[in-house]
Amino acid sequence: MENIDAVFKSIDEHQDEFIDLLRESVAIRSVSADPARRGDCIRMSEWARDQLRTLGAETSFWDLGKQQLQSGEELPLPPAVFGVYGRDKSKKTLLIYGHLDVQPAEKEDGWNTDPFELTEIDGKLFGRGSTDDKGPVIAWIAVLKVLKNLGIELPINIKFVLECMEESSSEGLEKGLEDNIDKISDVTYSCISDNYWLGRNKPCLTYGLRGICYYFVEISCARQDLHSGINGGSVPEALNDLMWIMSQLVTVDGQILIPGIAELVAPLTKDEDDLYDKIDFCVDTFKQETGSHGLISDSKKNLLMNRWRYPSLSLHGVEGAFSQPGAKTVIPAKVIGKFSLRIIPHMTPEATDKLVTSYLDSLWAKRKSPNTFKITSGHGGMPWVADFRDANFSAGSRAIERVYGMTPDFTREGGSIPVTLTIQDLTKSPVMLLPIGASDDMAHSQNEKINRENFVKGMKVLAAYLFELAV
């Protein structure tokens, strides 16, 4: 680690250059959800490939196939970028995953600046993708630039997998990884920087993600919509049935009413329980930032566990019901209620589906309605949890301590990043989530940003992490 001070000094001296590099990438409107921007997504992949190639990495494209649109049109999926930096068999190998696509954004959505023009205001770098996930990808590229310019040999081998469809369910990536398993079979550790600190002041490392199960409850009462004045009181209404069922899924304090769910939850270990006592988290600040009228618990530990390591059930909407402004006296012929469960170890989509279906079938039998009833499962994703005491996390923790002078919090996330589990399963190597952005970066929202300080110190953490992994 004798070279690390020189690396840090160079990062400080060249930070404006690296911000300009981020500015270049933000200007490419790689919105994966917009078919009209597919060319920009491909251009973004080409841009990243060229950056790695300039640094001396061996680069190639993985063809991920085509995307079938609802219109029937087929579009090529943006290729994944595969980069190899070093093939020394005596060294460990780190796989770095990141994504290059972004959420849609327009100035008219409520942005204070052009979302595709990186703009610095009071030390904050505003722009779509600045924190999710172009900023962290550029931070890795910046570290390699510094090492090359200083003539410092990379302490480990690095392999990059960069995709441009993450914001659209990473379509094609899992098959791409499976088809190229021979290229990543020698990976020792994996790292993903695609999440955020719990707060604004203290870094963290993330060792768990919840999975998801999504459901559709369809109830039909007639061939066509009916008039409530003419037919109201004579027909058992589909929306009445649906509201009755949906009201029996979760209590006001978040308790899931589906029998058997609690029994699937992995028991809490003492080591994990102890972690929550040390986490820097303010319940009142969280309440203020979310704008919520109340919280399920005033206890820091209970609230964080409910967000991260216990399942939750959320109602999302009703398709077919009247939802526009104004009054419309219609009895909808068919309605579809939508809800999801965020699942955690040892829950699986298959076991959860079975419990949900059985419970809803039993509710419908009690309802004794003549209407038609159907429940279907939508997308499902497994939860992920890692050992926060392993060598990968230890290296990440030491790197953060060197840069920030403090031990990071060890956190979980309530959301899902499916590629995490895919990479872990295929490489059989430990995965760590190493965020560099703060909790108020507004990923997916208006005025997305990354703080200059987070960006610069994030580069230093990533650089130190490489050297710590080599120990």
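None of the figures in this text is laboratory data; all of them are computed from the coordinates on show. All values derive from a computational prediction rather than experimental measurement. All Cβ positions, even for glycine, are placed from backbone atoms using ideal geometry, and neighbour counts span all protein chains on display.
Side notes on the structure shown:
- Packing rank of 174-186, 280-292, 96-108, where each peptide gets the mean count of other beta carbons within 10 Å, highest leading: 96-108, 174-186, 280-292
- Semi-axis lengths (Å, descending) of the ellipsoid that matches the C-alpha gyration tensor of the chain: 43, 25, 22
- Ranked by how many other beta carbons lie within 10 Å on average, peptides 445-458, 315-328 from highest: 445-458, 315-328
- For residue 368, the lysines whose Cα falls under 19 Å of its own Cα, not counting residues fewer than eight places away in the same chain, are 334.
- Compared with the dominant Cα axis of the chain, that is its longest principal axis, helix 38-54 is turned about 20°.
- In the stretch 221-302 the Cα-Cα distances spread across 10 Å bins starting at 0 as 12, 24, 26, 17, 13, 7, 1 percent of all pairs.
- For the stretch 1-118, the square roots a ≥ b ≥ c of the C-alpha gyration tensor eigenvalues yield an a/c of 1.5 or more together with a/b not exceeding b/c, which makes the shape oblate.
- Of interest is the spacing of the C-alpha centroids, which for the stretch 30-61 and the stretch 310-328 amounts to 38 Å.
- With respect to the chain, whose longest principal axis is taken over its alpha-carbon atoms, helix 349-367 is tilted by about 20°.
- Note: relative contact order over the chain, using C-alpha pairs below 8 Å and six or more positions apart, is 24 percent.
- Projected area, mean over directions - the stretch 64-145, Cα convex hull, nm²: 8.7
- Residue pairs, from the table 148/460; 66/89; 91/148; 91/145; 145/278, whose Cα atoms sit over 25 Å apart: 66/89; 145/278
- When peptides 11-17, 160-166, 410-416, 349-355 are ranked by their average number of other Cβ atoms within 10 Å per residue, the highest-first order is 160-166, 410-416, 349-355, 11-17.
- Residue (of 321, 439, 355) at the positive-pole extreme of the stretch 309-453, dipole from beta-carbon charges: 321
- Taking the DSSP beta bridges with both ends in the chain, the antiparallel portion is around 70 percent.
- Calculated on the Cα set of the stretch 373-471, radius of gyration then Dmax: 16.6, 60 Å.
- Estimated 222 nm signal from helices in the chain, with DSSP H stretches of n ≥ 4 weighted -39500 (n - 2.57), rounded to 500: -11000 deg cm²/dmol
- Within straight-line cross-link reach of residue 354, aspartates and glutamates at Cα separation under 20 Å, skipping those fewer than 8 residues along the same chain: 218, 263
- Axis angle, to the nearest 10 degrees, between helix 4-13 and the longest C-alpha principal axis of the chain: 70 degrees.
- For residue 425, net neighbour charge (Lys/Arg +1, Asp/Glu -1) across residues whose Cβ lies under 12 Å away: -1
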